[in-house]
2 protein chains.
Amino acid sequence: MSTSADTDREEGFGFAPKFDASGLVTCVATDAASGDVLMVAHMNAEALAKTIATGEAWYFSRSRRALWRKGEASGHTQRVAEMRIDCDQDAVWIKVEQVAGACHSGRRSCFYRAVPLGKTRAVTLEFLDDRVFDPKIAYRDKSN
Amino acid sequence: MSTSADTDREEGFGFAPKFDASGLVTCVATDAASGDVLMVAHMNAEALAKTIATGEAWYFSRSRRALWRKGEASGHTQRVAEMRIDCDQDAVWIKVEQVAGACHSGRRSCFYRAVPLGKTRAVTLEFLDDRVFDPKIAYRDKSN
């Protein structure tokens, strides 16, 4: 059921991120040039504030439970060209200028495999993208 | 720490979605024509299977705890032109042909407000998009 707080959050000018039980919002990063989705990650209040203040993407790693500036190990940073927030303010979309690749696997995008449609069983993924960098060289650790 | 199961999931052809504790993966839907992010929602195993089998977007509503075919009330369906899955298989990206608008608020996209960058406090959202349909007419209920 809609409440007046819901209406304010959806139709107002107030920035009121709706963090989940873990204190996170979902963030979708797309390539400002190609429009491709590069990655889906999470931001806590501090990552969101730092991203807004600096125009560089900061995230919160759920596996490492740590704030993380994208590219801090690899140099593969994301400059944020634009940030948007969704209707109920639990997700943000950033358009970024991505250095090299966003994915720790070495690809430009984390979404390098297609899921074929029209199948009811035995789905086999199709690889679409080659690596744009060597992750063994780029990373001291695997996640940023 | 990486395991061999992680490597298989990231570098293999096997479709092995990694559902969270609630049985969901995140789904980003973008406009197949413009590339804009239309919405971020969730799919359970059944929604994912139905989307793959039918080429129409199905989701799982966390608030209503129900499977939901996008547009089933409004007619604002999403035909899926392409589906991709990310490196660790906990998020999917679908490029869709969206009828009218994706957002229950009446906008084409749920991301109709920008968050200005370079601020350290007092962030005020900027509206970017007008409504493309009247939600009072389109919906019998507010969510699909």
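Quick notes on this structure:
- Taking the criterion of being in a loop (DSSP other than H, G, I, E, B) and under 16 Å from A:His104 (Cβ atoms), the residues of the stretch A:115-141 that qualify are A:Asp129, A:Asp130, A:Val132, A:Phe133, A:Asp134, A:Tyr139, A:Arg140, A:Asp141.
- Among (1) out of contact with any strand residue (DSSP E or B) (no Cβ under 7 Å at 6 or more places or on another chain); (2) touching a residue at least 24 places away in the same chain (Cβ under 8 Å) - the single one B:Cys27 does not satisfy: (1)
- For the stretch B:60-81, a residue qualifies if it is of a type outside the set (Gly, Ala, Ser) and more than 14 Å from every other protein chain (Cβ to nearest Cβ), and the qualifying residues are B:Phe60, B:Arg65, B:Leu67, B:Trp68, B:Arg69, B:Lys70, B:Glu72, B:His76, B:Thr77.
- Each residue in the stretch B:1-30 was checked for being in a helix (DSSP H, G or I) and either facing chain A (nearest Cβ under 9 Å) or open to solvent by less than 60 Å² (accessible area, probe 1.4 Å) (or both), and 3 pass.
- Taken together, the criteria exclude A:Ala47 from residues that are at pLDDT below 95 and outside any strand (DSSP E or B).
- Within the stretch B:50-92, the set of residues being part of a strand (DSSP E or B), in contact with an Asp or Glu (Cβ under 8 Å, 6 or more places away or on another chain) and among the hydroxyl-bearing types (Ser, Thr, Tyr) is empty.
- Restricting attention to the stretch A:109-144 and to residues that are of a type in the set (Lys, Arg) and farther than 18 Å from B:Asp90 by Cα, the residue that is nearest to the other protein chains (Cβ to nearest Cβ) turns out to be A:Lys119.
The values are calculated or read from the model by the stated rules, or taken from the named source; none is laboratory data. All values derive from a computational prediction rather than experimental measurement. In this analysis, Cβ positions are derived from the backbone assuming ideal geometry, glycine residues included, and neighbour counts consider all displayed protein chains. Ligands, DNA and RNA are excluded from the accessible area calculation, which covers all protein heavy atoms including side chains. Shrake-Rupley method; radii C 1.70, N 1.55, O 1.52, S 1.80 Å.
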